[in-house]
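Trainee: Take this structure first; my questions come after.
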Amino acid sequence: MAAEEGKVDPMKQFQIEPLFGSNWDIAGFNIAFTNSALWMAITVVLLWVFVAGGMKRELVPGRWQMAVETFTGFIDDMLEANVGKEGRKYVPYIFSLFMFILFANLLGLVPIGLIPGVHAFTFTSHFTVTGVLAVISFSIVLAVGFWKHGFKFFSLFVPHGTPLWLMWLIPVIELISFLVRPFSLALRLFVAMMAGHVLLKVLSSFVIDSVNGGAVFGAFIGVPSMLLMIAISALEILVAGIQAYVFALLTSLYINDAEHLH
């Protein structure tokens, strides 16, 4: 019985569950308020509090204000390096995108699962969420490209120096590569976040089963698994920041293409 109780389903943590309004429907689509929506709301509220607390503009900035200004300056420098002076107008969006993903990733690692009935939910481990973020970024790229260049935007698919005898092939390859961008952007974040959480759950099952198996299993399997969990948890914190940065960086590079048709 103890062994059965110790079994851990590594995919259960990604299950979307309605909290209320399970019978709410619009045009045949259920719009219940779910655990995913709850953690999105928590992320937005915490992000708003973080930014609002750092906008006091004190003559001698405190740590909170310095933290917000550091992140803002980081995004501003990234856009200036990748887009140029034109990138400054995109700072609010890229900053919001970066911070939203960062907060979402980090909140999913908060160990509140130790409290019975309460656990964190990493909504960036769902392709639907990362896909929407990628589509928004891609839509901005298309809007900027056509607004600034009109139909000349299609020249993006004909790299400079393309020989005439390859004009039938290169634009097709470039177009396919361009259209795959939002998919790869969303897939990268989704896979990275899901893989780490699944691995942690699998290791936790090793710890539980080894403890139920006795002292020998606990010493030779449980202890190493626990130490590995701690190491991977630290790595996941790093991955959370890296994935937010990569998403923001690639978005800025795509915006650069729309601005300059490189």
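The values are calculated or read from the model by the stated rules, or taken from the named source; none is laboratory data. Model, not experiment: these values are computed from the prediction. Glycine also receives a Cβ, built like all others from the backbone with ideal geometry; neighbour counts cover every protein chain displayed. Calculation scope for accessible area: heavy atoms of the full protein, side chains included, ligands and nucleic acids excluded. Shrake-Rupley method; radii C 1.70, N 1.55, O 1.52, S 1.80 Å.
Trainee: As a check on your grasp of the helix formula, calculate [θ] at 222 nm for the chain: sum -39500 (n - 2.57) over DSSP H runs of n ≥ 4, divide by the residue count, round to the nearest 500.
Mentor: After summing the helix terms and dividing by residue count, I get -22000 deg cm²/dmol.
Trainee: Stick to the Cα atoms of the chain, pair each with every other, and give me the Kirkwood hydrodynamic radius in Å at one decimal.
Mentor: Details: mean 1/r = 0.0467 Å⁻¹.
That comes to 21.4 Å for the chain.
Trainee: Just to confirm the number: angle between the C-alpha axis of helix 63-82 and the first principal axis of the chain, 0 to 90 degrees, nearest 10?
Mentor: With both axes taken from Cα atoms, the answer is about 40 degrees.
Trainee: Long-range amide H contacts for Thr34: which residues qualify at under 5 Å (H placed 1.01 Å from N, peptide plane, sequence gap of 5 or more or a different chain)?
Mentor: Amide H neighbours of Thr34: Leu19.
Trainee: In terms of Cα to Cα distance under 20 Å, which lysines are near enough to Lys148, apart from those fewer than 8 places away along the same chain?
Mentor: Lys148 reaches Lys85, Lys89.
Trainee: Taking only C-alpha pairs under 8 Å that are 6+ residues apart, what is the relative contact order of the chain in percent?
Mentor: It comes to 25 percent, rounded to a whole number.
Trainee: Something else: Phe206: accessible area at probe 1.4 Å, nearest 10 Å²?
Mentor: 100 Å²
Trainee: Follow-up question, since we're still on this one. In Å and on Cα atoms, what radius of gyration and Dmax does region 10-138 show?
Mentor: 17.8, 55
Trainee: First check a/c for region 129-180, with a ≥ b ≥ c the square roots of the eigenvalues of its C-alpha gyration tensor; if it is under 1.5, answer rounded, and if not, answer prolate when a/b is larger than b/c or oblate otherwise.
Mentor: It is oblate, given that a/c is not under 1.5 and a/b is not larger than b/c.
Trainee: If you take the beta carbon distance between Leu238 and Gln15 as r and set R0 to 41 Å, what does 1/(1 + (r/R0)^6) give as a FRET efficiency, to the nearest 0.05?
Mentor: 0.95
Trainee: In terms of Cα to Cα distance under 19 Å, which lysines are near enough to Lys12, apart from those fewer than 8 places away along the same chain?
Mentor: Lys201
Trainee: Put Asp25, Asp76 in order of accessible area, largest first, 1.4 Å probe: what do you get? Don't jump to the answer; show the numbers that get you there.
Mentor: On the way: Asp25 95, Asp76 35 Å².
Per-residue accessible area, sorted high to low, gives Asp25, Asp76.
Trainee: Another question, then. Please go through region 8-98 and write out the GluC sites (Glu not before Pro) that DSSP classes as loop and that have at most 13 other C-beta atoms within 10 Å. Could the numbers behind the result be given before it?
Mentor: Working: sites: Glu58, Glu69, Glu80, Glu86; in loops: Glu58.
Counting only loop positions with at most 13 other Cβ atoms within 10 Å, the GluC sites (Glu not before Pro) in region 8-98 are Glu58.
Trainee: Next question. Sort out for me the Cα centre separation of region 166-183 from region 192-262, rounded to whole Å.
Mentor: A separation of 33 Å, based on Cα centres.
Trainee: Another question about this same structure. Using a 1.4 Å probe and ignoring any ligands, DNA or RNA, find the accessible area of Met167 and quote it in Å² to the nearest 10.
Mentor: Surface open to solvent at Met167 totals about 70 Å².
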